[in-house]
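Engineer: I have a structure I would like to understand better, so I am pasting it below and will then ask my questions one at a time.
The values are calculated or read from the model by the stated rules, or taken from the named source; none is laboratory data. Keep in mind it's a predicted model, so treat the numbers as computed, not measured. Neighbour counts run over all protein chains shown; Cβ positions are idealised from the backbone, glycine included.
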């Protein structure tokens, strides 16, 4: 519910921004002033977003002070899964979120996009490639994987790779 309210507030700020830029242009008649205001507003918006994201990750780190990779592993039926996949998923996601002050434990049911702020390129091009290499699992024919297109959490990513075949060696 909190993120929904946050999205509404950000949308209202966006609408207010558009009206402000239009008003400045109409009142001043000066295109340079309008462009300058636009650039300044964009810079402030990016800084605000950066601060907000940093605070989000600080809160996650504070809430998870007692957690570790062991907590992550215990959230799976690890005796039935390839533990190399579990470790690789945990560590590769950690590498992608290391941009913040300190790494924090991830949970198996974290939303990759909303909680960890990853994007599809991070997952497809960085994380999946590295996990594939580390676990000796192929990314070929992944369209046939029952988890294809359904990866929203680290747990889903573990299950996706568990369902992928091993690389065939010659």
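Engineer: Among the candidates 116, 60, 81, single out the residue that is under 12 Å from the mean Cα position of the chain (by Cα) and surrounded by 14 or more Cβ atoms within 10 Å (Cβ to Cβ). First the steps, then the outcome.
Structural biologist: Details: 60 fails: under 12 Å from the mean Cα position of the chain (by Cα); 81 fails: under 12 Å from the mean Cα position of the chain (by Cα).
Just one listed residue meets the conditions, 116.
Engineer: Here's something else I'd like to know. Among the residues of region 99-111, is there at least one that is closer than 12 Å to residue 153 by Cβ, loosely packed, with under 15 Cβ neighbours inside 10 Å and touching a helix residue (DSSP H, G or I) at 6+ places or on another chain (Cβ under 9 Å)?
Structural biologist: Looking for residues that are closer than 12 Å to residue 153 by Cβ, loosely packed, with under 15 Cβ neighbours inside 10 Å and touching a helix residue (DSSP H, G or I) at 6+ places or on another chain (Cβ under 9 Å), one finds at least one in region 99-111, hence yes.
Engineer: Then there's this: Can you confirm whether residue 131 is outside any loop (DSSP other than H, G, I, E, B), touching a strand residue (DSSP E or B) at 6+ places or on another chain (Cβ under 8 Å) and within 24 Å of residue 60 (Cβ to Cβ)?
Structural biologist: yes
Engineer: Please verify whether residue 91 is touching a helix residue (DSSP H, G or I) at 6+ places or on another chain (Cβ under 9 Å), at pLDDT 90 or above and within 22 Å of residue 59 (Cα to Cα), treating the condition exactly as stated.
Structural biologist: Details: touching a helix residue (DSSP H, G or I) at 6+ places or on another chain (Cβ under 9 Å): yes; at pLDDT 90 or above: yes; within 22 Å of residue 59 (Cα to Cα): yes.
The answer is yes for residue 91.
Engineer: Consider residue 153 against the criteria (1) in contact (Cβ under 8 Å) with a residue 40 or more places away in the chain; (2) out of contact with any helix residue (DSSP H, G or I) (no Cβ under 9 Å at 6 or more places or on another chain); (3) exposed (fewer than 13 other Cβ atoms within 10 Å of the Cβ): it satisfies all of them except one. Which criterion is unmet?
Structural biologist: The failed condition is (3).
Engineer: Further question on the same structure: Just one of (1) surrounded by 15 or more Cβ atoms within 10 Å (Cβ to Cβ); (2) more than 14 Å from the chain's Cα centre (by Cα); (3) free of Cβ contacts under 8 Å to residues at least 40 places away in the same chain; (4) not in a loop (DSSP other than H, G, I, E, B) trips up residue 139, so point out which.
Structural biologist: Single failed check for residue 139: (4).
Engineer: Could you tell me whether region 122-133 includes any residue that is over 27 Å from residue 168 (Cβ atoms) and either surrounded by 16 or more Cβ atoms within 10 Å (Cβ to Cβ) or under 16 Å from the mean Cα position of the chain (by Cα) (or both)?
Structural biologist: To start, the set of residues in region 122-133 that are over 27 Å from residue 168 (Cβ atoms) comprises 122.
Now narrow it down to the ones that are either surrounded by 16 or more Cβ atoms within 10 Å (Cβ to Cβ) or under 16 Å from the mean Cα position of the chain (by Cα) (or both): 122.
Yes, that holds for at least one residue.
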